[in-house]
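Let me begin by presenting the structure, written as structure tokens, before commenting on it.
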């Protein structure tokens, strides 16, 4: 479930989910212990969304326990060769083909592209080829 869609749920349900220590506690009278971690990601500026009243601050502070910023692919071009190798291997196996890699000129071309669609765009380009 996307964070945006979760935040659009009724406030009581969101708070109950974030507050309870077991998922079963939310729906069953006799819960068994469950260890749940919520990993939420968004490309929205949530501080601005809170200021605009389009995202609830209480939900933000419940979810904002550990922040990790992953820069876009255009800011970490050194990762592209590793990702290309991974995706080539993944889709070659899926297709039953033996592909050894990509030539230097193609790799330079991939590294020079700005990747506005980020890793998903790179993944789709490799899968189509």
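Throughout, read-outs are computed from the coordinates displayed, never taken from laboratory work. Keep in mind the model is a prediction, meaning the values are calculated, not measured. Cβ atoms come from the backbone with ideal geometry, glycine included; neighbour counts cover every protein chain shown.
Label sites at residue 62 and residue 109, each approximated as a point 7 angstrom past Cα along Cα to Cβ, lie 5.0 nm apart. Would you work out if segment 47-109 is rounded, prolate or oblate? Take a ≥ b ≥ c from the square roots of the eigenvalues of the alpha-carbon gyration tensor; rounded if a/c is under 1.5, else prolate when a/b is larger than b/c, oblate otherwise. Note, shape of segment 47-109 comes out prolate.
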